[in-house]
Each structure stands twice: as C-alpha cells, then as structure tokens.
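The values are calculated or read from the model by the stated rules, or taken from the named source; none is laboratory data. Values in this document were obtained by computation on a predicted structure and should not be read as measured data. Glycine also receives a Cβ, built like all others from the backbone with ideal geometry; neighbour counts cover every protein chain displayed. To get the accessible areas, we keep the full protein, side chains included, count just its heavy atoms, and leave off ligands, DNA and RNA. Shrake-Rupley method; radii C 1.70, N 1.55, O 1.52, S 1.80 Å.
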Amino acid sequence: MSLEMVSAVSNSSLLQPGFSLLNFDGHVFFFGQKGWPKRSCPTGVFLLDIKQNELKMKPAAFSKDSCYLPPLRYPALCTLRSNAKSDEYQYIIHGGKTPNNDLSDKIYFISLVSKNSKKMTVRCIEKDLGGDVPEARYGHTINVVHSRGKSMSVIFGGRSYTPLAQRTTEKWNSVVDCLPSVFLVDFEFGCCTSYMLPELQDGLSFHVSIARDDTIYILGGHSLQNNTRCPNLYKLKVDLPLGSPAVTCTILPGGISVSSAIVTQISDTEFVLVGGYHSDNQKRLVCNTVVLQDSKIEVVERESPEWTPDIKHCRIWFGCDMGKGSVLLGIPGANKQLISDANYFYILRCKGEEENKEEELTTQICSQTSSEDPGDSTPFEDSEEFCFSAEASTFDIDDTDTYNEDDEED
C-alpha cells in the first residue's frame, strides 16, 4: 500500500465531507457541494481531472429532459445495471442532506448521455415510488441484488430528524436512528416493501455494505441510541421468486467495530477496508481485506500504509473510494493553517506497484465510502458512509468556464 499527497488546485472549498463521485466510462463526476449551485455551475455537478497529482474541477451540463438534482450530501449511492453482467449502467441516488440541512426522501437516476472534449452531459431523472417508501434519511446505504434473473435495490440504515410531534425548541434539529427496517425497491413497478428482521435490532448508520449476487454483507456502523459501533457482521439474502420476495438475515462471526469506513474493490472477490472510527474520538488506522467467495465472507487484518504525522494527529478524516484499489483521503486544513475550509488530500493505493503500473490512470473506479463531519450530538455524529464510483480522466479545462468560489454560499 502506498500513500501520496494530491493538490486540489481549483474549487477546493467544494471538497468537503459528504460529497459523492460518479464514474462513467472513466469520467469522474463530483456532486454534493455544501452550498446551492450558482450560475458558474447551475447543475452543481463537476467533471474531475486528476493528473500529475493535481485535482481540478470542470462544470458539467444536464440534458434538457433532466430534472433538478439538489447538491445532496451523505446520500446512499450505487450502480444499477440492466442485468448482472451488463456493461451499461446508471447510478441510483437516495436521500442525503440539502445545503439548508433538510433531508431528502427522493430517488434519482443519473446516466451519461454525451461526451466530447468540450462538454460532458448527464441526465438526471427522479423516480416516483409507492408502497412502504423509506423516510428521508442520510448516512445509509443502497445496494442492488440479483436473483433468478431479476434485480431489486435494498435500502438499510441511516439517520433522520426527530419526528415533528416529538421535537422541542432546544433540540429541534436533533437526529435519531432510523428503524432497522430493510426496504426492497422494485424500480420496474415503482414500489417499495419494508421488512423487519429479528436479527436487526438497531438502526445502524455509516456502516459498510458489500453486495454480491443475491446477498448483501453489512459491517460495522454506529447506533446513536446506544452510542456503540456494532461488531456484528450481518448477511442479508434476498430471494426473488415469481411470488413475494423472501428476505433473511444471518449474524456471522468475524465482524468489525467501526463506523464511516471506506471500502475499495481490488479484484472480483477482494475488497480493502480503510479508515473510519473505533469511537467518537479515535480514528481507526488499521486496514482489512474482505474476501467474498462461494457465498462466504472473510475479514482479515492487512498491512497498513505508513500514515503521515498529519493524518495520525488530525482529529477527523474523510474520504472516498476512487476504484480499483485507490482511495482519496482528506484531512482538515485547520491542522496546518488558519484557513478553516481548506482540506488536504492523499491518494492511498492498495494494490502493489506492478498492478498499479497496469492502470493507465492513477485514480479509478467503484464501491462505497465515507466521511466525517463533526455533528450535533457527538463529535462524529455526521460521519458518513456514502457510495460512489470514480475514475480520473485527463482533459484540459483551461479553455472552459471555471467555477467561481465567490459565487458559493452555504
């Protein structure tokens, strides 16, 4: 594992905990800035360029038939393919926080519709759902399972605001754990069904979820009610026969007590778990390898990178999976200077040097992530687990209109 610093040379103030990345054919898109989009980038979506250890951001356009996409932070995000082996895919985005701290209960589909050297265009469509629609939330996960030739999405965990009837003036915007319900979402018919499983007793936030075929594995997570990071490892299995779906849960040994960890995929069956927190005031500097094979999961500790003193001593950190074994890690600039909104970023590569040389670009694709944002009830209440894919691409942004940070407001 290797670690090196990367410089954010444009629009660096947008790169705050809670953003998401989308990867389309090697092109990485950013969304989820802290403030509302301005005239310099009305969509709030940017194309990323990472080359020679410098990160730049270029405004992206939406197609005319797109709906409006708020700059949601800490949403749940995953890819949706037409079938399990298809190369064509789009992204599903559910929930998240708006810049004025409202929570979203909407689901959006995002796809890339055109690309050239001058302009990237994406399409965003809002999906209407019926049935047991999940309440607005953040810090949760969404995955897609495949069974018997059919696909469904699974939503679990997260946090929501205290119901209006239970709010007081002093704690008007306090958050609580969502109920430990498992939601199955059928996008073909636009309906949701919720399941309460006896094995799931707590509503977990900022956990890691990894999907393979008809199974989802859930590791870690934070329960506000008990202020614990559950060491359990859950196995959710979804069967999709012609009749009603069947959802079962099994508690497995070998779990990890951690919240807001980042997971990156390094092979068809192997993942690396990075970062997160043991407790409210203790970062987790240990890394793990997660192997999924033959309907089994194995979690083992692996050699950690040589963390820099800045990373070791900072109070919080956040980051994103950049795909194919690469992770983007950020630490607050307050650790080095007085500019509070300046963050410093590192790229962690989990593959060996020979494997990295085989990749054309230094930063790449797919999975789930996390961040930490000091929150309301505990020091790390808004630490987050957000899901995205990303792969850096090369382009020249000097001949395009760039985003003006002076236009940005929270």
task: Please indicate, with yes or no, whether at least one residue in segment 243-253 is under 19 Å from the mean Cα position of the chain (by Cα) and either open to solvent by less than 40 Å² (accessible area, probe 1.4 Å) or without any contact (Cβ under 8 Å) to a residue 60 or more places away in the chain (or both).
output: no
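Residue by residue, here is whether (1) modelled with pLDDT under 90; (2) closer than 27 Å to Ile347 by Cα; (3) in contact with a Ser or Thr (Cβ under 9 Å, 6 or more places away or on another chain) holds:
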| position | (1), (2), (3) |
| --- | --- |
| Phe24 | yes, yes, yes |
| Arg39 | yes, no, no |
| Lys56 | yes, yes, yes |
| Lys64 | no, no, no |
- line: By residue number, the members of segment 278-313 that are at pLDDT 90 or above and within 23 Å of Arg73 (Cβ to Cβ) are Lys283, Arg284, Ile311
- request: Report, by residue number, each residue of segment 242-261 that is among the polar types (S, T, N, Q), assigned to a loop (DSSP other than H, G, I, E, B) and at negative phi.
  value: Ser244, Ser257
2 or more residues open to solvent by 10 Å² or more (accessible area, probe 1.4 Å) and free of Cβ contacts under 8 Å to residues at least 24 places away in the same chain: qualifying strands (runs of 3 or more DSSP E) within segment 1-96: 89-94
task: Give the number of residues within segment 147-204 that are closer than 24 Å to Lys127 by Cβ, of a type in the set (D, E, K, R) and touching a Gly at 6+ places or on another chain (Cβ under 7 Å).
output: 1
- prompt: Would you pick out the residues in segment 97-112 that are open to solvent by less than 60 Å² (accessible area, probe 1.4 Å) and either over 19 Å from the mean Cα position of the chain (by Cα) or not small (Gly, Ala, Ser) (or both)?
  reply: Lys97, Thr98, Pro99, Leu103, Ile107, Tyr108, Phe109, Ile110, Leu112
- line: By residue number, the members of segment 99-125 that are farther than 18 Å from Asp49 by Cβ, in a loop (DSSP other than H, G, I, E, B), of a type in the set (Ser, Thr, Tyr) and touching a residue at least 60 places away in the same chain (Cβ under 8 Å) are none
task: Restricting attention to strands (runs of 3 or more DSSP E) lying wholly within segment 126-230, give those where 1 or more residues are among the acidic types (Asp, Glu), in contact (Cβ under 8 Å) with a residue 40 or more places away in the chain and surrounded by 14 or more Cβ atoms within 10 Å (Cβ to Cβ).
output: 175-177
